[in-house]
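Working notes for the structure below.
The values are calculated or read from the model by the stated rules, or taken from the named source; none is laboratory data. All values derive from a computational prediction rather than experimental measurement. Every residue, glycine as well, gets a Cβ built from its backbone with ideal geometry; the counts of neighbours run over all protein chains shown.
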Amino acid sequence: MIKSFLILIIFPIFLFSSQQIVLVVADDFNTSNAKLELIEDTNIILTTDVNIGRNGLGWGIGEKVLIQKKSDPIKKEGDKKAPAGIFKLTDIFGYDYNSNLKLPYLHTSKTLICVDDSKSNFYNQIIEKNGNEKSFEYMKRNDQQYKYGVTVLHNKQGIGEKGSCIFLHIQKGEKSATAGCTSMREEDLLKIINWLDKKKNPLLIQIPKSSGEEVKRLYPQLKSSKILPLSPFYL
């Protein structure tokens with residue numbers, strides 16, 4: 001009896017261990033645009049529009065498995081879908097040197113790449129280019145989309161064909177869908193980057209509206225959200 005009581009206490013503490021949440025909510029699995037909120041405790045820090053995968057969302061591999069229907073899409077390599085789920089935000093990267101942030105920072109040189117070849121031993125990893133990679137993307141591009149970015153810890157085990165190289169980054173243009181990342185205006189991304197704090201265990205919760213009630217049960221601070229559907233009780 002005492003053991004069960006302790007479990008009931010510890011489980012909510014685990015869920016509340018994330019004080020910072022980047023919440024991204026799409027109308028459904030098929031849309032390429034969504035709304036974003038930054039929530040710390042119950043305070044809404046920012047609300048803005050973002051772009052997600054050209055083909056919408058697909059369930060990814062994150063920190064917790066949410067309820068999924070058999071008909072729901074699953075994230076796969078090259079499917080142009082952004083991963084849906086709950087993911088840690090681990091690092092910030094950028095073209096310039098920066099040491100004044102509260103997450104680890106990676107300066108992206110011209111030889112730094114992210115490997116999206118499922119058969120590679122370095123699949124879904126950022127490494128120095130060595131000439132043996134068959135498929136990858138440069139982390140320092142000829143455009144400004146990766147001028148700043150945040151690494152989303154999706155598919156951290158590097159399971160083949162389950163999706164790779166997922167970031168928050170600068171949008172190509174207004175309402176310009178991505179190949180699977182989440183993009184936004186530069187000024188909004190900079191607010192997120194300067195706000196993120198490793199000590200506050202930041203998470204990305206990226207979902208269709210149909211998962212709204214479930215994430216509010218897991219993270220009650222999300223009840224303050226303006227972009228999640230109202231609970232049936234309030235309708």
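Which of (1) assigned to a helix (DSSP H, G or I); (2) more than 21 Å from Gln19 (Cβ to Cβ); (3) basic (Lys, Arg) is the odd one out, the single condition Lys175 does not satisfy?
(1)
What are the residues in region 143-170 that are of a type outside the set (Phe, Trp, Tyr), within 14 Å of Asp188 (Cβ to Cβ) and within 15 Å of the chain's Cα centre (by Cα), if any?
Gly149, Val150, Leu168, His169, Ile170
So if I check each of Leu168, Leu204, Leu190, which one is in contact (Cβ under 8 Å) with a residue 12 or more places away in the chain, touching a Lys or Arg at 6+ places or on another chain (Cβ under 9 Å) and either under 21 Å from Asn51 (Cα atoms) or in a loop (DSSP other than H, G, I, E, B) (or both)?
Leu204
Determine which member of the set Ser211, Ser183 is hydroxyl-bearing (Ser, Thr, Tyr) and in a helix (DSSP H, G or I).
Testing whether each residue is hydroxyl-bearing (Ser, Thr, Tyr) and in a helix (DSSP H, G or I) leaves just Ser211.
Report every pair of residues separated by at least 6 positions or lying on different chains whose Cβ atoms are under 8 Å apart, first residue within region 207-220 and of a type in the set (Phe, Trp, Tyr), second at pLDDT 95 or above.
Cβ pairs passing all conditions: Tyr219/Ile21; Tyr219/Ile205.
Of the conditions (1) touching a residue at least 24 places away in the same chain (Cβ under 8 Å); (2) farther than 30 Å from Lys209 by Cβ; (3) surrounded by fewer than 16 Cβ atoms within 10 Å (Cβ to Cβ); (4) touching a strand residue (DSSP E or B) at 6+ places or on another chain (Cβ under 8 Å), Lys64 fails just one. Which one is it?
(2)
Being surrounded by fewer than 18 Cβ atoms within 10 Å (Cβ to Cβ) and at pLDDT below 95 narrows it down to one residue among Glu214, Glu133, Glu161, Glu186; which is it?
Glu133
Could you check region 99-108 and list, in sequence order, the residues that are touching a residue at least 12 places away in the same chain (Cβ under 8 Å) and either over 26 Å from Gly160 (Cα atoms) or crowded, with 19+ Cβ neighbours inside 10 Å (or both)?
Residues satisfying the conditions are Leu101, Lys102, Leu103, Pro104, Tyr105, His107, Thr108.
Counting just the residues of region 148-175 that are in contact with a strand residue (DSSP E or B) (Cβ under 6 Å, 6 or more places away or on another chain) and of a type in the set (S, T, N, Q), which one comes out nearest to Gly85 (Cα to Cα)?
Among residues in region 148-175 that are in contact with a strand residue (DSSP E or B) (Cβ under 6 Å, 6 or more places away or on another chain) and of a type in the set (S, T, N, Q), the one nearest to Gly85 (Cα to Cα) is Thr151.
If you go through region 164-183, how many residues are among the acidic types (Asp, Glu) and surrounded by 14 or more Cβ atoms within 10 Å (Cβ to Cβ)?
Of the residues in region 164-183, 0 are among the acidic types (Asp, Glu) and surrounded by 14 or more Cβ atoms within 10 Å (Cβ to Cβ).
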